[in-house]
Every structure is written in C-alpha cells, then in structure tokens.
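Below is one structure, written out as structure tokens, with a few remarks after it.
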Amino acid sequence: MLTVDFSRFPLAPGDRVLDLGCGAGRHAFECYRRGAQVVALDQNGDEIREVAKWFAAMEEAGEAPAGASATAMEGDALNLPFPDDSFDVVIISEVMEHIPDDKGVLAEMVRVLRPGGRIAVTVPRYGPEKICWTLSDAYHEVEGGHIRIYRGDELLGKMREAGLEPYGTHHAHGLHSPYWWLKCAFGVDNDKALPVQAYHKLLVWDIMKKPLATRLAERALNPVIGKSFVVYATKPHLPETQAADATGAPAEAAEPAAKPAPRARKAAEPAAKAPAAKPGAKARAAKSSAKSSAGAAK
C-alpha cells in the first residue's frame with residue numbers, strides 16, 4: 001500500500017533515492033522495482049534487517065531491472081551519513097509527526113538532496129488525525145507515537161522555510177480513516193472488536209484485490225477524509241553567482257558531488273494495520289527458499 005503516487009512523482013531508472021524512515025520498506029521496494037539506486041534508512045534495526053532480506057529476495061527473483069541497487073541501513077534522520085547533494089529523490093512517509101525536531105529533519109533532507117532534486121513528504125491529515133486524538137489518548141500517547149498534528153499550510157510553510165518549492169499536494173487512504181476511528185473508539189489494542197475485525201478484512205481485501213468499487217470509493221473519499229496529506233516539492237538550483245561563490249569556480253565548472261555506492265542486499269507506518277506492500281511472488285518464493293536452506297528465522 002503506497003502513499004506516494006508515482007504517477008505524480010515519477011522516477012527514472014538510475015535515480016538515487018533515499019527512503020528516510022523506511023519502516024517496513026513499502027516505498028523502497030517500489031523504487032527498487034522501478035530501477036532506482038535505493039537507500040532505505042531507519043533507526044529500527046529489526047525493520048532494517050527485514051527490509052534487507054526482502055531486497056535480497058527481490059534481487060534473486062529478478063524483480064528489479066539491471067542497474068538498480070538497494071541498501072538497507074540503520075541511521076539517524078537528524079544526522080544523515082551522506083555528503084551534500086547525494087540523492088536525486090528523497091521520500092519521507094508518515095515519519096515527521098514522530099520527530100520533535102522536524103525542522104532539523106527537513107534541513108538534513110534538503111542538504112543531501114541535489115539541486116533540482118525532488119522530495120515527497122507524507123503526514124497524517126489534520127481532520128482525521130484530530131478525531132483519532134479526541135477518541136483515544138492511547139492512540140498517540142505512546143513511546144515513539146505521534147507528537148503533533150500538521151495542518152496542511154503549516155507543513156507547506158516549514159518546507160518553504162527549509163528551502164523547498166512545493167509543486168503539488170493530494171490526500172490518500174480515504175478508506176483507512178474510518179478504520180482508525182473504530183480502533184480508537186473500541187481501544188487501539190483491541191483487535192477482537194467485531195467492527196474492527198470486519199473493517200480490517202475489508203481493507204486487506206481492498207489492498208490485495210484492488211477491486212474497481214473500492215478504488216472508486218477511495219478516490220471519492222480522499223479529498224474529504226483521506227488519512228494522509230502528501231506534498232511534492234523540489235530543491236531549487238542555486239543562482240549561478242551563488243554557485244560560483246560556493247565552489248570558487250564558475251557554476252558550470254563545479255564538480256558534481258560523488259554518488260553514494262549502495263550495495264544490493266524505512267519510521268513509516270501503513271495507514272491501516274494491514275499487510276505492508278511486499279515484493280512479488282517470485283521474491284517471496286526466493287526468500288522462502290533462501291530461509292529454508294540457511295535455517296533463518298522469520
């Protein structure tokens with residue numbers, strides 16, 4: 001289940017992509033499948049190890065085109081281990097609402113994004129998220145939970161202050177807001193409540209089958225109760241005079257930053273508690289075979 005719409009945020013083969021706070025890896029897998037050179041970074045070591053296994057399974061199954069590469073690594077979003085201008089694309093999905101220093105994270109993303117590069121930011125939408133907070137303190141008052149609710153203009157303002165130029169927005173996962181309202185009403189840890197179970201089955205069916213009826217329903221609901229707010233932006237090029245001052249040489253003669261060298265081998269959470277988007281059947285079969293031969297757990 002993807003929150004970023006790649007028809008509005010297209011990737012080119014060979015693009016250097018950072019999926020920051022990759023979580024279970026749903027966006028990183030899609031970028032890898034599209035031929036990008038992907039770095040999936042998260043502070044959760046368990047999730048990173050699982051993402052690395054899926055990358056390896058995808059490679060073995062031939063699910064990524066020639067030239068694509070993928071690395072999963074632990075790291076700190078406020079101190080990224082990459083030089084300036086390292087990436088063509090940065091994605092941060094359902095992460096910034098967890099981090100106290102969101103301006104610091106934006107600054108780091110802008111630093112590692114090359115001039116002319118693109119960034120996608122997704123956060124919980126204000127209205128549906130406010131209802132969740134009203135219905136349940138346990139929904140957000142947990143370790144590592146949501147510490148703020150963004151209004152759309154607030155997020156756009158912070159991105160502009162960081163030096164980004166937003167060029168598009170939309171809402172996503174309109175079918176998922178009612179699920180979380182039910183969770184909050186019946187207890188966020190109470191998965192046995194019948195309304196919660198029934199709605200969860202609907203969401204899993206929708207994610208797996210993608211029937212036309214639910215696709216049309218979600219398209220109609222997204223502008224009204226879409227669970228996520230998505231922003232696309234670019235990092236502008238420096239004016240030639242500033243670029244020359246920064247490098248001590250004419251802008252066109254400045255040497256490009258070295259690309260990272262990912263090696264084949266996300267804190268983003270899905271909008272609903274449903275299976276994260278996983279690689280295809282070939283990768284699943286390859287991973288199962290690899291685990292059987294190596295005696296790996298999970």
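Here are the numbers for the structure shown:
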read-out: Compactness relative to 2.2 N^0.38 Å, alpha carbon Rg of segment 163-243; value: 1.60
read-out: Burial ranking of peptide ranges 91-100, 190-199 (average Cβ count within 10 Å, highest at the top); value: 91-100, 190-199
read-out: Percentage of interatomic Cα-Cα distances in segment 1-153 larger than 23 Å; value: 38
read-out: Per residue accessible area of segment 49-122, 1.4 Å probe, in Å²; value: 34
read-out: Using alpha carbons only: equivalent-ellipsoid semi-axes of segment 1-59, gyration tensor based, whole Å; value: 19, 13, 10
read-out: Amide H partners (placed H, <5 Å) of R16, local residues excluded; value: Q37, D88, V89
read-out: Quarter of the Cα convex hull surface for segment 102-189, i.e. its orientation-mean projected area (nm²); value: 6.6
read-out: Sulfur and carbon atoms: percent of accessible area, segment 9-66 [1.4 Å]; value: 48
read-out: Under-5 Å amide H pairs with G117, H placed in peptide plane, nonlocal only; value: K235
read-out: By average C-beta atoms within 10 angstrom, highest first, the peptides 65-75, 19-29, 111-121, 146-156; value: 19-29, 111-121, 65-75, 146-156
read-out: Whole-Å distance, taken between Cα centres, linking segment 131-165 and segment 1-59; value: 23
read-out: Note, ³J(HN,Hα) from phi for segment 7-21, Karplus 6.51, -1.76, 1.60, rounded to Hz, x at Gly and Pro; value: 6, 9, 9, x, 10, 9, x, x, 4, 8, 10, 10, 9, 8, x
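The values are calculated or read from the model by the stated rules, or taken from the named source; none is laboratory data. Given the structure is predicted, the values throughout are model-derived calculations rather than measurements. No Cβ is skipped: glycine too gets one built from the backbone with ideal geometry, and neighbour counts run over all protein chains shown. Note: accessible area is taken over every heavy atom of the protein model, side chains too, but ligands, DNA and RNA are not part of it. Shrake-Rupley method; radii C 1.70, N 1.55, O 1.52, S 1.80 Å.
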